[in-house]
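Asks: For reference, the structure I am asking about is given below.
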Amino acid sequence: MKIALLGYGRMGQAIEKIALERGHEIVLRKDEFNTYYGLSNADVAIDFSIPAVAVSNISSCFHENVPVISGTTGWLEHYDEMVSLCKEKKWRFISSSNFSLGVNLFFELNEYLAKMMSKFDTYKVQMEEIHHTQKLDAPSGTAISLAKGVIENSLYTNWTLEEPKTNEIHIESKRIGTVPGTHTVTYNSLIDAIEIKHTAHNREGFALGAVIAAEWIVGKKGIFTMKDVLNFNTLV
């Protein structure tokens, strides 16, 4: 499989390493200094760039009929626009706040726990996410996905970085050193607390998941999620 890497920072380089180990070829390494030359030769593009260029990267792929795996966060105000373009071009698209297998299992656990806890209003939920100091967006896309998972399965209606109002989930964002990513969801009551936590030890889990998604999407058309890639939609 021929892969275009859109964004060639630490994540792009981690993806390249795993892709080469799995027998794939890199036909484009796009950073801020080069062009999209070679994109049309790709079977799939993997975008781990920055929010400011994500929309340009994704739309360029659709215009070249190249399916996109996007792990960039912080641009989702344009998500519906990209979905419309994808449908117009009848092409393929997976956007995820996190491609790690462990994190996607954590997403499922978070939603299941939220359904259980929605029956017990003495517990209040809060979240914390910790990332390296080079991460540009806050809260992380993963934290937002976790908050949405709770909101869809409870009486909570929104999340906030500020002091929470009724039915709001407070997210605390921290930027520390080189931390790859730690996310904690806590249900607090006056007498105890229930906590679930995911800690990434390195970037390899994110990179491997992105490559697996790229392998999965070849030959398919439509807009998918990691639930489709990992077959989580069949879980009871």
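The values are calculated or read from the model by the stated rules, or taken from the named source; none is laboratory data. A quick note: this is a predicted structure, and the numbers were derived from the prediction, not measured. In this analysis, Cβ positions are derived from the backbone assuming ideal geometry, glycine residues included, and neighbour counts consider all displayed protein chains. Remember, those area values only see protein heavy atoms, side chains included, never the ligands or the DNA or RNA. Shrake-Rupley method; radii C 1.70, N 1.55, O 1.52, S 1.80 Å.
Asks: Which of the trypsin sites (Lys or Arg not before Pro) found in region 131-199 are loop residues per DSSP with 11 or fewer other Cβ atoms within 10 Å of their Cβ?
Replies: LYS165
Asks: Still on this model: Taking amide H atoms as placed 1.01 Å from N in the peptide plane, list the residues 5 or more away in sequence, or in a different chain, whose amide H sits under 5 Å from that of VAL27.
Replies: For VAL27, the qualifying residues are ILE3, ALA4, LEU5.
Asks: Out of region 21-75, which GluC sites (Glu not before Pro) are coil in DSSP terms and have no more than 13 other C-beta atoms within 10 Å?
Replies: Passing sites in region 21-75 are GLU32.
Asks: What percent does the relative contact order of region 88-221 come to when contacts are Cα pairs within less than 8 Å and at least six residues apart?
Replies: Numbers: 206 pairs, mean separation 43.5, N = 134.
Across region 88-221, relative contact order equals 32 percent.
Asks: Still on this model: Return the inverse of the average 1/r over all pairs of distinct C-alpha atoms in region 97-153, which is the Kirkwood hydrodynamic radius, in Å to one decimal.
Replies: About 12.3 Å, per the Kirkwood formula over Cα pairs.
Asks: From the helices alone, meaning DSSP H stretches of at least four residues, give me the mean residue ellipticity at 222 nm for the chain, per-run term -39500 (n - 2.57), in deg cm²/dmol to the nearest 500. Don't jump to the answer; show the numbers that get you there.
Replies: Values: 7 runs with 82 residues, N = 236.
Taking each H run of at least 4 residues, the total per residue is -10500 deg cm²/dmol.
Asks: So if R0 is 35 Å, what FRET efficiency would THR157 and LYS220 give, r being the distance between their Cβ atoms, rounded to the nearest 0.05? All intermediate terms of the calculation are to be shown ahead of the outcome.
Replies: Details: r = 34 Å, r/R0 = 0.98.
Computed FRET efficiency for THR157 and LYS220: 0.55.
Asks: Next up: Scan around GLU172 for amide H atoms under 5 Å from its own, H built in the peptide plane at 1.01 Å from N, and keep only partners 5 or more places away or cross-chain.
Replies: Residues meeting the criterion, in which the H sits 1.01 Å from N, are MET127, GLU128, GLU129.
Asks: Step through the residues of region 12-18 one at a time and calculate ³J(HN,Hα) from phi using the Karplus curve (6.51 cos²θ - 1.76 cosθ + 1.60, θ = phi - 60°), rounding each to whole Hz and writing x for Gly and Pro.
Replies: x, 5, 5, 5, 4, 4, 5
Asks: Putting +1 on Lys and Arg Cβ atoms and -1 on Asp and Glu Cβ atoms, find which of SER118, HIS198, PHE93 reaches farthest to the positive end of the dipole of the chain.
Replies: PHE93
Asks: Mind listing the phi-derived Karplus ³J(HN,Hα) values for region 76-91, rounded to whole Hz, using 6.51, -1.76 and 1.60 with θ = phi - 60°, and x for any glycine or proline?
Replies: Result, rounded to whole Hz: 5, 5, 9, 4, 4, 4, 5, 5, 4, 5, 4, 5, 4, 7, 6, 10.
Asks: Applying the Karplus parametrisation 6.51 cos²θ - 1.76 cosθ + 1.60 with θ = phi - 60° to the phi angles of region 136-146, what ³J(HN,Hα) value in whole Hz is obtained for each residue in order, glycine and proline being reported as x?
Replies: 8, 9, 8, x, 5, x, 5, 5, 4, 4, 4
Asks: When the accessible area of the chain is split by element with a 1.4 Å probe, what percent falls to carbon and sulfur?
Replies: Carbon and sulfur together cover 52 percent of it.
Asks: Just in region 122-188: which GluC sites (Glu not before Pro) are loop by DSSP and have at most 10 other Cβ atoms within 10 Å? Could the numbers behind the result be given before it?
Replies: On the way: sites: GLU128, GLU129, GLU152, GLU162, GLU168, GLU172; in loops: GLU152, GLU162.
Answer by residue number: GLU162.
Asks: Amide H neighbours of GLU64 under 5 Å, counting only residues 5+ apart in sequence or on other chains, H built in-plane at 1.01 Å?
Replies: The answer is none.
Asks: Taking the Cα centre of region 65-156 as origin and charging only Cβ (+1 Lys, Arg; -1 Asp, Glu), how large is the dipole, in debye to the nearest 20?
Replies: Using only the charged Cβ atoms, the result is roughly 260 debye.
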